[in-house]
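The structure appears below as C-alpha cells.
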Amino acid sequence: MPDLSFYRTRSATGVLGGAIKPGLWMAVPLLIGALLVANLIYPGAYTGFNIVKVLGVIMGGWLIHLLLLQRLTLAVPSGPENFENLIGTMSLILLALFWVGWSWLA
C-alpha cells in the first residue's frame, strides 16, 4: 500500500494525527471507475503519450507543492474578507426587499 501520510486528518485541536479514514478507500475506486466509464466515449484521451503527460503534470504540481508551497507562509489580511461579507449581506437584504416588494405587487 502506498504511503499516504499527507492525507492525515486534523482533530478538533488542529493537531495532525490519526489514520486514513476508511471512507477514502471506498470512494477512490468508485470515483476512478466512474471517471473511466464516463470517458469511454473518448478513447483518444487514453493514449500512452497523454497518460504520461498527465502524470508528469500531476508530479510537477506535487513537487512544486512539496518543495516550495509548504515552506511558504501566506498571511491574508482580514479586511477584504470582511468587505466581502458586507457585500454578501447587503445582497441578501436587497434580495429580501425585492421579494417583499414583488409579493405586494402580485
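Only the coordinates and a few stated rules stand behind these numbers; no lab work does. This is a predicted model, so every value here is computed, not measured. No Cβ is skipped: glycine too gets one built from the backbone with ideal geometry, and neighbour counts run over all protein chains shown.
Can you tell me how region 24-106 classifies by the Cα gyration tensor, rounded, prolate or oblate, using a/c under 1.5 as the rounded cut? Working shown, then result.
Numbers: a/c = 3.56, a/b = 1.63, b/c = 2.19.
It comes out oblate by the Cα gyration axes.
I want to check the label-to-label distance for residue 70 and residue 83. Put each point 7 Å from Cα in the C-beta direction and report it in nm to one decimal.
That separation, rounded to one decimal, is 3.5 nm.
Using θ = phi - 60° and the Karplus form 6.51 cos²θ - 1.76 cosθ + 1.60, what ³J(HN,Hα) does each residue of region 25-36 get, whole Hz, x for Gly and Pro?
For region 25-36, the Karplus-derived couplings read 6, 7, 7, 4, x, 5, 5, 5, x, 5, 5, 5 Hz, x marking Gly and Pro.
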